[in-house]
Amino acid sequence: MFTDRRLTGAFKKAKIEYFDENSKYIFFSDCHRGDDSMSDEFARNQIVFLRALEYYNNNKYTYVEVGDGDELWEYPDFKVIRLAHSDVFLGLKKFYDDKRMRIIYGNHNIYLKNKSYVKHNYFNYYDEYNQNKQELFRDILIHEAMVLKNKKTKQEIFVVHGHQGDLMNDQLWPISMFMLRYFWRYLHVVGFQNPASPAKNLYKRHKIERTYKKWIRKHKRMLICGHTHRPRFPKNGELPYYNTGCSIHTKGITGIEIIDGKILMVDWRIRADEKGGLEIVRTVMRGPEPIEKYNLRNYPY
């Protein structure tokens with residue numbers, strides 16, 4: 001019940017953005033960008049992520065980061081993350097400068113709720129090479145959630161990280177942050193898993209996903225989220241629950257796209273071609289399915 005209240009509260013305060021059949025979106029989440037050390041799980045996929053950014057920027061997609069982009073629990077000094085992944089932030093800046101970037105905060109970057117923190121860390125940065133201040137994401141607005149609303153049909157898609165109502169990652173997040181920063185951060189390098197994380201705890205993951213589906217059934221909205229790190233795309237007859245997966249899989253990254261009025265799940269990874277050369281490949285894993293298929297008027301919730 002508390003999860004329902006938290007998700008509903010986020011829905012009511014969400015940024016509303018209108019879309020149509022010409023709109024293009026890519027949803028990534030749970031990048032957990034760190035300091036490029038052994039504990040930085042994003043580092044192994046940085047090149048894959050950069051290629052994906054290049055593809056989506058060239059094709060004029062709007063980039064939506066559905067929470068936990070930067071691993072601020074482990075590295076509260078954003079400068080460390082920016083320096084470690086400077087190419088990624090330069091790639092993201094292209095979207096931002098073209099007004100095609102939306103950032104939603106999750107539990108691991110919940111600091112972004114604080115406007116002063118965002119202004120101090122994300123608006124500008126000091127370029128140590130040129131020894132001057134440069135703009136990064138000046139005047140950026142960070143949201144807890146967003147609602148995509150179809151211009152014609154008024155159909156709504158709720159986009160949120162998904163930690164809302166998850167006790168250890170919502171109400172008690174300072175405790176989880178402390179344990180991760182000073183304990184689990186080092187243990188998971190040698191194979192130990194954090195039981196408080198839905199990404200590492202199968203029972204917890206399934207429990208959270210059940211609460212998402214209860215919310216969908218009650219409020220009759222499509223839902224796109226992250227948090228669990230498990231990519232999800234509904235089969236025929238299932239509730240319209242989509243999960244972006246994450247960008248720290250050992251084999252690549254997953255995301256959700258919207259294009260031509262359709263929704264699909266994609267996978268980006270390094271593959272070998274016929275001659276044994278390596279290339280970064282985008283693969284459609286599920287879909288595309290018409291978004292209208294999941295409209296309240298047509299879909300048997």
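The values are calculated or read from the model by the stated rules, or taken from the named source; none is laboratory data. From a predicted model like this one, the values you see are computed outputs, not experimental measurements. Positions of Cβ are generated from backbone atoms using ideal geometry, with glycine treated the same way; all protein chains shown enter the neighbour counts.
In region 152-172, the qualifying residues are those that are within 17 Å of the chain's Cα centre (by Cα) and not in a loop (DSSP other than H, G, I, E, B), and the one that is modelled with the lowest pLDDT is 169.
Within region 77-92, being under 25 Å from residue 146 (Cβ atoms) and assigned to a loop (DSSP other than H, G, I, E, B) holds for one residue alone: 85.
In region 124-142, the condition of being farther than 30 Å from residue 292 by Cα, among the hydroxyl-bearing types (Ser, Thr, Tyr) and in a loop (DSSP other than H, G, I, E, B) is met by at least one residue.
Within region 239-251, if we keep just the residues that are in a loop (DSSP other than H, G, I, E, B) and within 12 Å of the chain's Cα centre (by Cα), the residue that is surrounded by the most Cβ atoms within 10 Å (Cβ to Cβ) turns out to be 244.
Inside region 19-42, residues that are within 17 Å of the chain's Cα centre (by Cα) and surrounded by fewer than 18 Cβ atoms within 10 Å (Cβ to Cβ) make up a count of 1. Among the residues of region 252-284, those identified as surrounded by fewer than 14 Cβ atoms within 10 Å (Cβ to Cβ) and either under 21 Å from residue 229 (Cα atoms) or of a type in the set (A, V, I, L, M) (or both) are 272, 278, 283, 284.
Taking (1) under 19 Å from residue 259 (Cβ atoms); (2) surrounded by 20 or more Cβ atoms within 10 Å (Cβ to Cβ); (3) within 14 Å of the chain's Cα centre (by Cα) in turn, residue 101 satisfies each apart from (2). Contact map, region 10-30: first residue at negative phi and outside any loop (DSSP other than H, G, I, E, B), second residue modelled with pLDDT under 95 and not hydrophobic (A, V, I, L, M, F, W, C), Cβ cut-off under 7 Å, separation 6 or more or different chains; pairs are 10/164. Within the span defined as region 267-289, one or more residues are closer than 21 Å to residue 69 by Cβ and without any contact (Cβ under 8 Å) to a residue 40 or more places away in the chain.
Summed over region 37-63, residues that are within 21 Å of residue 112 (Cα to Cα) and in contact with a Leu (Cβ under 9 Å, 6 or more places away or on another chain) total 1.
Considered as a group, the residues in region 205-238 that are buried (at least 22 other Cβ atoms within 10 Å of the Cβ) and of a type in the set (Ser, Thr, Tyr) include one that is nearest to the chain's Cα centre (by Cα), and that residue is 228.
Residues that are without any contact (Cβ under 8 Å) to a residue 60 or more places away in the chain and assigned to a helix (DSSP H, G or I) were ranked within region 31-64; the one that is farthest from residue 101 (Cα to Cα) is 43. Filtering region 1-18 to residues that are within 19 Å of residue 216 (Cβ to Cβ) and surrounded by 14 or more Cβ atoms within 10 Å (Cβ to Cβ) leaves 3, 4, 6, 7, 8, 9, 10, 11, 14. Checked against the criterion of being touching a residue at least 40 places away in the same chain (Cβ under 8 Å), closer than 19 Å to residue 41 by Cβ and not aliphatic (A, V, I, L, M), the candidates 165, 67 yield just one match: 67.
A quick yes/no check of all residues on (1) over 17 Å from residue 26 (Cα atoms); (2) in contact with a helix residue (DSSP H, G or I) (Cβ under 9 Å, 6 or more places away or on another chain):
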residue: 229; (1), (2): no, yes
residue: 240; (1), (2): yes, yes
residue: 270; (1), (2): yes, yes
residue: 273; (1), (2): yes, no
